[in-house]
1. How large is ³J(HN,Hα), in whole Hz, for each residue of the range 93-104 in order, when computed from phi with the Karplus curve 6.51 cos²θ - 1.76 cosθ + 1.60 and θ = phi - 60°, using x for Gly and Pro?
2. Compute the Cα gyration tensor for the range 205-316, then decide on rounded, prolate or oblate, letting a ≥ b ≥ c be the square roots of its eigenvalues: rounded whenever a/c is under 1.5, prolate when a/b is larger than b/c in the other cases, and oblate in all that remain.
3. What distance in nm separates the two pseudo spin-label positions at Lys492 and Ala505, each 7 Å out from Cα along the beta-carbon direction?
4. With r as the distance between the Cβ atoms of Gln81 and Arg300 and R0 = 45 Å, compute the FRET efficiency 1/(1 + (r/R0)^6) and round to 0.05.
5. Order the following by accessible area, largest value first: Val116, Val353. Probe radius 1.4 Å; ligands, DNA and RNA are ignored.
6. Which length gain, in nm to one decimal place, applies between Met250 and Lys96 when the Cα-Cα distance is subtracted from 0.36 nm times their residue separation?
7. Stretched out fully, how many nm does the piece from Asp332 to Ile370 gain, at 0.36 nm a residue minus the Cα gap?
8. Hey, how many Å between the Cα centroid of the range 222-241 and the Cα centroid of the range 312-372?
Amino acid sequence: MRLNSLMLIFSAVFLASCAKIVVVKVPNSPSGQSQTSGMTEDGVFYALPKTVVRIAVKVDHITVKPAPFMKFAPIFAPGEQPVCKFSECTGTEKEKFELEQGASFSTFGEPDPDNVYMVKFVGDPAKDQMISMTWTETGLITKASASVTNRTTEIALSGLKLAANIGAKAAFGRTVKQKPRKVIVEVCPNPSKNDSWIISELKKENAEAQVFDYCNMNEGTRDKFVKSEDKSVLTQAAKAYGNYVQPLAMDRINLLSGSSQSMEPVEILNRLESLIAQRLAALYLGTKKKEVWEGSLEIRDLQEEGSVPVLHFDPTGKICFQKTKQVDLAPDSKPIPAKFKSKDCSCQNDTAVNMVINFYPNKEEQLFSIIPNDTSAKPSGDRSFRYRIPAQVKAELNYAGKTYGAGVFSVAQLGVVVSLPAEKASSKLQYDLTFLEATGGLKSFKLGTTGALDAATLDALSSAGGTILKSEQTANDEVTKLTRQSTILNLKDAICKIQKKYGQACTTQP
């Protein structure tokens, strides 16, 4: 009897000593899509992600309008930069398109149809099982996901152009209405062949303050003027300055010197600055207008190494974009404005903007390269949860021989898939996993197992075995029987005495 009881207890422990968590891969159909029609088991499905790369780009549409006297900008607006070189920016308004520097890369995960798995319900009613999973609405398994926008805030600082600008820019304050400065310069310190006629022309139009700025130009620049072509234009430029700019400059100097009696000097000064800047631009510097398209592109089906054309520019500089299986506009991207689009998107004569990918560091130096893929290794027996060891790559956005942005990130599908064992020789097996949403790699891992004969089990067996032995021993012990009988009789006698004391019938008889 005692031996049979112990054997039943140990049999129950050993039968339940192999814990199992089985995860099976959902087979792919010939078209490459996962299918579940042939699977008869019940379970919970999840997918490992494949990485999608998102590129944020900016394309500028710049409209440039030249000024009529741009050639003489160094004389009438020294220190300012014209919108373009005079030799390249003559005639009517021009437009161009430019890809901005600073393209940025980011990644996210989407379900990989080639890596869909089912967590099976296995075991028997005698086993306690618990499955706790968290995944995204698209089926990516995860317990936590994290994002940092740095956003860079551009702070525009504006202020008054006071003493430093007065002396360095257009020499607006060199002459005062009350005391005109007499210019005695006839030839610059470093003479040029054009000094005499240019200085004479400036003095003739009362633009004497600009003689200093002319002489401050280097000799080579002064030599480029041609008297027969430029004399009449210079006369017009000097007259325009005297009529439209110099009066405002004099008012500004009077305001700063205290000659003006204005009650709101700051407001008037700001207004004068704005008017002077506008007139200098219209007459000597030209104007530039910029419109920006900020777009987001998503790139899929990444290859191990090589380039992917993400955009094209036609010979006029306009954008040629065609959606493909590999590249598409992000759903939340701003649409390409009509003025940015090319009318002919054949892309035959276009210049491509390429995303170039290379392993970083080299493939041989990365962890995934020395670990066999779960499918190629073909481990025997059931397997449990799968996770990914991604590859790390460096991507660059290249256009016309220049790099416009770079980034380092991990790509799931360029790495390998690894599986955990489904069972252990223990009474309890517990996996606690956290996955990275963009790559399916493990963020944290915890394994818990309980042995078949752990301390608690041994204590329980010891207690059970001891109880059986004790019950058999005491059953045949005469002394124990008599002691127990004596205790019962004494209790009955005491109860009867108490009942009689209070006038009650004795309900127990010794």
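The values are calculated or read from the model by the stated rules, or taken from the named source; none is laboratory data. Keep in mind that what you see is a predicted model, and the values were worked out from it rather than measured. Positions of Cβ are backbone-derived with ideal geometry, glycine not excepted, and every protein chain shown enters the neighbour counts. Ligands, DNA and RNA are excluded from the accessible area calculation, which covers all protein heavy atoms including side chains. Shrake-Rupley method; radii C 1.70, N 1.55, O 1.52, S 1.80 Å.
1. Karplus-based 3J(HN,Hα) across the range 93-104 equals 4, 10, 10, 8, 10, 9, 7, 6, 5, x, 4, 10 Hz.
2. Because a/c hits 1.5 or more and a/b fails to exceed b/c, the range 205-316 counts as oblate.
3. Here the answer is 1.7 nm between the modelled labels.
4. Efficiency, from the Cβ-Cβ distance: 0.55.
5. Largest accessible area first, the residues go Val116, Val353.
6. Stretched fully, the Met250-Lys96 segment lengthens by 51.7 nm.
7. 9.8 nm
8. Spelled out, the Cα-based centre of one part sits 49 Å from the other.
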